[in-house]
Each structure stands twice: as C-alpha cells, then as structure tokens.
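Taking it in order: structure first as structure tokens, then the write-up.
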Amino acid sequence: MIRRALPVAAALALGALAMLLAGRGPASVPTAAGANTTGLPTAGDAFEPELGLPATETVAFGTSLGGDPGKTEMWAYGKLGSTPTTIEGARHSDQPVLLRQTPGSGEWQPMALPPGPEGKPLAISGGALAAQATGDGGVALLTGRGIVVRDPDGQARLAPAPPQAPEESAGESGSGAGSSSGSGSGSSSGSGSGSSSGSGSGSGSGTGSGSGTGGSVLEPGESLLPSDLSVAFTVPYAAIEAAGGHTGVLIAPYHDGGAQNAVTGQPQSKPGVLFYDGGEAQGASAWSREPLEASGEALDHFTALALACAGTQSAPESSSGEDCWLLTGYGQREPEHLVLYRRARGGEGEKWVWKPQSVSDWLLGHAAPPSGVSVARLLPVAKGGQMLTATTQGVWVDFQAQVSGELSPVDVSELVLTPTGGGGGGGGAGGSGGEARVAGTWCYPAGVLCPSSRSLGAPLPSSYRSFAWPGSSASDPGTRVITGLPERVMLELAHGSFSYVVGPGGRGVAGGGAALYRSSSGAVEGVLADGLLSFEAGPDAEGQSQVIALTARRAGDQPEAVPGRSTEARSGAVPPPPAGARAGSGQRPRRSQQRSAGRRARRSGGTVRAGRGLASRRAVQRGR
C-alpha cells in the first residue's frame, strides 16, 4: 500500500471551507460559542489518503477491536477488476470482496465471498449500511441472495435461508413450513400487522427454535430482505457475537407480520424479529423467531425501521445480543408515530422477546409537549440513514418531526438512556427496568423543538453512518460522529454540542462509508471510504477507490494541509454564515443561494469537483 500526503495551498483549503459552509447552511451553528472545538472527537486528526488498494468502489463499514484498540481491524467491501487477484491460492476477478486491514501491517487484504445459489458472484448494494462488523472480528453482509456471515478467523459463507410458512397458513397461530431464498434489499418501510402474543424464540446462546407449526420462521407475506437492491435502504438488522464463537444476526423481516389487512391496516400474522445463531445447521435449526409484544394501535400499518445492539459494561466494544433496541413506526394511514422496543428474557422458558420501552419524553414517549407546541407526525429519516446508534449508555434515535403546523419536518436526534436497574436480557427492558430517560434532544433547524445551543449543526444526510461512545455519566452524552454529509463534512458531538466539522473533502457515493473507533487516548480514528467511482476518482488518476485515514497526531507532528480542510475550523474561526441563514438559528439557506455559492467557489478554483476525490488531478500534480 502506498500512502501519500497531499500538500495544498491554504487558499484552496479556505475556498473549499467557504463552499461547504455556503452549501447547506451549517455555518449558523454556534461552533465557537457552543462547543470546545479542541475537544471534538477528531480534533487534531491528520487526513491521509491511502492509495493502491486491491479493489475499487471501496465502502468501509466497521471495526473489530478485540478488546484492545491497538489491535483494531478495519473492515470494508469493494470490487475486484478484470485483472485476476489470487486469494488463498484461487484466482478471482470482476466480483465483490471483503477487505480487511489488519493491525500493524496497514495493508488491505481481500477476502473472497461465497458464490450465490446459482454459482454466480453475489451482488452487494445499499452503501455503508449493507454490512456490519462485530467486536470480535465477525461480519454480516447483505446481498441480493441472502446474508453472508463470517465468524472470527473463519471464511465468509452464505447463511441458510430461513424456513417460510406457506401462504395458506396466513392468519393461523405461529407459522408453517417451507423455504425462502431471502433475496433482495431496499427500503425497510414494510407494513403489516397481527396479534402480538407470539410464542417461542431463540435464546441468546443460539439454541432456540422457530415458533409455530413445522418449525417455520418467516410468516406468509414476509421476506428476509426487501427485493430492490438498487436504492439506499435501512434494513433493521444487527450482527452480534453468538455462542460457540459464531457471528449471529438479528433481523426484522421485510413486511414484518405479512401483508396488512385492507380494512384494519394490521398485519395478518404476529410481528417478530428473526435470529440466526451463526451455526452450520440448516433451516429451523439455525433460525428462530422472537415475538414482538405489540398490540392495539401500535400494529396499525406496523413497520420495523431500525435495529441496533450495544456491548456490555465489561466489554463495551463488543457486539452483544444482551442489549438490543428496535425502532418501529405505526399510524392510521402510514407510520407517523414511533415506538422503541428492547430485547429481553420473558415468556415460557425465559426465551427472548421484544418488549415496548416506555420513554419519559413527549416525542418518543407520552408526556405532554411544551406549551405552544403540537406534534403532527414523527417520521423516519430518509432511506439509507442509520436511525439507531446503540452504546452501553443507551441509544441515539434519529427521526423527523413535523410540529406546530410547520410544512417542513425537523431533523431530530435524541439520546435515550438505558433504564436503571435492567439491561436487555435482564428483565428490565420494557419491564422492571422502568421508564427510559432522555438525556438530550438535538434538532435541525433549531428554534421550534430545540434551542440554538442544541442544534444538530446541519440536516441529517439522506444516507449516513453514525458512531457513538458513552459519556462518563448520565448527564454526559459522550461523543458521536456522523458521516455522509456533502464533501465529506462530519457532524461531531462533544461537551453536549454538535459541530459542523470540515472533513477531508471529495465526494463519495455510498452514504458516509466509514470505520471509526476510539483509541486508548480517547481520540476518534479510523478510515473514510465511501465508494468513489470513475477513472479520475482517485488523486493518483489510476482509477482506484480512495480510503482516507484519520490518524490522531502525536506530539511534535505538524498538521498536513489537505484540500477541503482548514486548520482554522478547528480553532473555532468559522466564517460568517451565508446570506439567508440567521446566525445561531440553524436554518437552511435558500437553494438559489446554495447554487450561486457553489458556482462562485468553482470559478475561484477553491473547491473539490464532484467525482475528483480529495482534489482535482491538476491540484495534486502541482503539489507533487
């Protein structure tokens, strides 16, 4: 692997910064006044491109720490070209592969994927949310032919398809027999309904069995994944560390509960979450169904939206099935209310069930809204956004709220704390753990739901990744980084305030693909890689996808000047807000102002052109 730092004139960096701040209005965020910029998660990081990767269209998606930040593995996926690459003695070309960067070597190593059911290469789509890594080195990858899993230190393989009940058993208790290819992917916005009682589920150790007759897992009308892989999606799933050293998967099926009743809007079967224990067994021996305790209006146009699991207090960087959250939507005509569920032990045999989690809040809970504020609808974020980000402290919930007659919804992010006295699996989730408290609410634009001091800093991107680490107390929300904003800008939370932080520049296509972790020093490091395409995508003009390393500077290191990044932004010297956005309001500028600002920046040569990576090839050549 070749690493090359790209020097550039300060004027270019400042020009790019001006373009970014004019683009979508985040300059109005009170960065200097509202946050200690020197304490931002990536403050002081050097941004350094890594060239010469073995694959193109690279999308980073996760890290595996193995309990030691010094042994962190980085994970991505990409596509081999027509030139054959030898992987473990076999030659591969023109197909997707997993990519792993091992500790110490700095090299990205390709790992072959299994063929599909017809022997053809599997197709991967869906951007940065198409794959997840567990803390111990496992991987789950969504494809058009099902889910690929990799156990730590194992080979990637295609998980067996979960058995599906035949259509004639619709409406009966439980489920029947059959099989499903579990193909596809797309939006997670399915619908459906039914009674919430359900029975049977898999245990956290992977020993459970499917519910209903014949050991089936998928109900009639459900599928393992959506059918359209060509668009951004948010599949509600999580890769977890299962028993026996396996990588397990929790996933809410597409059209959870099956087709909805045309009159009642409720699903014909009982909604649930599927659990794959990661073992080599087939069918019902590998899959189980965990019932969801939903009832009444919560089943009207029921939609599973997002699923996330956190680590444990003793192993916070692990991927445990003991602390998992599920976000669902419901409404009279479409999902316009949100409900949180938690995975807990309960029912016969103390098997896993999903219980509703009460929240002491007027948005996600049932508390009265502030005076003068009325909530019309709560909506999911755009397809491709990571709506849940779980830590040992609680879960970040991202959504949109249409309030007080406003025509445009407000982007909202709330930190819901794990209830005191009960974690997932301990009976406290949705039960004896009591009501979950909200540690804070952040919005964009600010003003209606949040004060300007609680601005998100910018609108949530249409597709994005979110990384979070817990704070030292219930009053400390910890740190968080959101990637996927235009020109690789990031939103970063520190000291209770979000800041709009200039990133390495360049434009990716995969919704903020990144693999970030918190080092032993507390700094956030990792890589950004979001699927750059075309011959000129990489600054080396070799057609390579580009991975950008975020590395904390050590004592005595000098900052590297990188296109699209300004060292002044780190010290709080933020340029004035663009015309049309009131300082401190968090409001978006008008689209015409965005376009004119972009044209001015392009004429001045002070920005990164679309599809050019960190800088245009000419700028790179000048710096060599």
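As an exercise: evaluate GLY384 against (1) closer than 26 Å to SER404 by Cα; (2) assigned to a loop (DSSP other than H, G, I, E, B) and give the number of the one condition it does not meet.
Failed condition: (1).
Cβ-Cβ distance below 9 Å, separation of 6 or more or different chains: which pairs start in the stretch 120-142 with a residue that is over 14 Å from PRO226 (Cβ atoms) and end on one that is modelled with pLDDT of 90 or more and part of a helix (DSSP H, G or I)?
Once the first residue is over 14 Å from PRO226 (Cβ atoms) and sits in the stretch 120-142, its partners that are modelled with pLDDT of 90 or more and part of a helix (DSSP H, G or I) give ILE124/ALA130; ASP136/GLY245; GLY138/GLY245; LEU141/ALA130.
Give the residue that is farthest from SER288 (Cα to Cα), with candidates limited to residues of the stretch 342-360 that are hydrophobic (A, V, I, L, M, F, W, C) and out of contact with any Phe, Trp or Tyr (no Cβ under 6 Å at 6 or more places or on another chain).
Across the stretch 342-360, the extreme among qualifying residues is VAL359.
Condition first: open to solvent by less than 40 Å² (accessible area, probe 1.4 Å) and part of a loop (DSSP other than H, G, I, E, B). Now tell me which residues in the stretch 105-133 satisfy that.
Residues satisfying the conditions are GLY106, LEU113, PRO114, GLY116, LEU122, ILE124, SER125, GLY126.
For the stretch 248-258, does any single residue satisfy the condition of being touching a Leu at 6+ places or on another chain (Cβ under 8 Å), of a type in the set (Gly, Ala, Ser), surrounded by 23 or more Cβ atoms within 10 Å (Cβ to Cβ) and modelled with pLDDT of 90 or more?
Within the stretch 248-258 (the criterion being touching a Leu at 6+ places or on another chain (Cβ under 8 Å), of a type in the set (Gly, Ala, Ser), surrounded by 23 or more Cβ atoms within 10 Å (Cβ to Cβ) and modelled with pLDDT of 90 or more), the answer is yes, since at least one residue qualifies.
Looking only at the stretch 380-416, count every residue that is open to solvent by 10 Å² or more (accessible area, probe 1.4 Å), closer than 18 Å to VAL339 by Cβ and without any contact (Cβ under 8 Å) to a residue 60 or more places away in the chain and tell me the total.
Residues in the stretch 380-416 being open to solvent by 10 Å² or more (accessible area, probe 1.4 Å), closer than 18 Å to VAL339 by Cβ and without any contact (Cβ under 8 Å) to a residue 60 or more places away in the chain: 2 in total.
Taking the stretch 447-486, which residues are open to solvent by 10 Å² or more (accessible area, probe 1.4 Å), in contact (Cβ under 8 Å) with a residue 12 or more places away in the chain and of a type in the set (Gly, Ala, Ser)?
The answer is GLY447, SER452, SER453, SER462, SER463, ALA468, GLY471, ALA474, SER475, GLY484.
Modelled with pLDDT of 95 or more, within 30 Å of SER320 (Cβ to Cβ), touching a helix residue (DSSP H, G or I) at 6+ places or on another chain (Cβ under 8 Å) and of a type outside the set (Gly, Ala, Ser): does that describe TRP396?
Answer is no for this residue.
Residue by residue, here is whether (1) outside any strand (DSSP E or B); (2) at pLDDT below 90; (3) open to solvent by 10 Å² or more (accessible area, probe 1.4 Å); (4) charged (D, E, K, R) holds:
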{"residue": "ALA46", "(1), (2), (3), (4)": "no, yes, yes, no"}
{"residue": "PRO49", "(1), (2), (3), (4)": "no, yes, no, no"}
{"residue": "THR58", "(1), (2), (3), (4)": "no, no, no, no"}
{"residue": "GLY67", "(1), (2), (3), (4)": "yes, yes, yes, no"}
{"residue": "TRP75", "(1), (2), (3), (4)": "no, no, no, no"}
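Determine whether the stretch 96-104 contains at least one residue that is touching a His at 6+ places or on another chain (Cβ under 8 Å), part of a loop (DSSP other than H, G, I, E, B) and not hydroxyl-bearing (Ser, Thr, Tyr).
Within the stretch 96-104 (the criterion being touching a His at 6+ places or on another chain (Cβ under 8 Å), part of a loop (DSSP other than H, G, I, E, B) and not hydroxyl-bearing (Ser, Thr, Tyr)), the answer is no, since none of the residues qualifies.
Where residues in the stretch 353-379 are touching an Asp or Glu at 6+ places or on another chain (Cβ under 9 Å), open to solvent by 40 Å² or more (accessible area, probe 1.4 Å) and part of a loop (DSSP other than H, G, I, E, B), which of them is modelled with the highest pLDDT?
That would be SER358.
Scan the stretch 313-336 residue by residue and report those that are open to solvent by less than 30 Å² (accessible area, probe 1.4 Å), outside any strand (DSSP E or B) and either in contact with a Cys (Cβ under 7 Å, 6 or more places away or on another chain) or hydrophobic (A, V, I, L, M, F, W, C) (or both).
SER319, SER320, GLY321, ASP323, listed by residue number.
Going by the conditions given, is GLY221 on the phi > 0 side of the Ramachandran plot, out of contact with any helix residue (DSSP H, G or I) (no Cβ under 6 Å at 6 or more places or on another chain), modelled with pLDDT of 65 or more and in a loop (DSSP other than H, G, I, E, B)? Full working, then the answer.
Working: on the phi > 0 side of the Ramachandran plot: yes; out of contact with any helix residue (DSSP H, G or I) (no Cβ under 6 Å at 6 or more places or on another chain): yes; modelled with pLDDT of 65 or more: yes; in a loop (DSSP other than H, G, I, E, B): yes.
So GLY221 fits the description; yes.
State yes or no: is ALA308 open to solvent by less than 30 Å² (accessible area, probe 1.4 Å), at pLDDT 95 or above and either within 30 Å of ALA259 (Cα to Cα) or part of a loop (DSSP other than H, G, I, E, B) (or both)?
yes
The values are calculated or read from the model by the stated rules, or taken from the named source; none is laboratory data. Note that the structure is a prediction, hence the values are computed from the model and not measured. As a convention, Cβ positions derive from the backbone with ideal geometry for all residues, glycine included, and neighbour counts pool all protein chains shown. We work out accessible area using only protein heavy atoms, side chains counted, and drop any ligands, DNA or RNA first. Shrake-Rupley method; radii C 1.70, N 1.55, O 1.52, S 1.80 Å.
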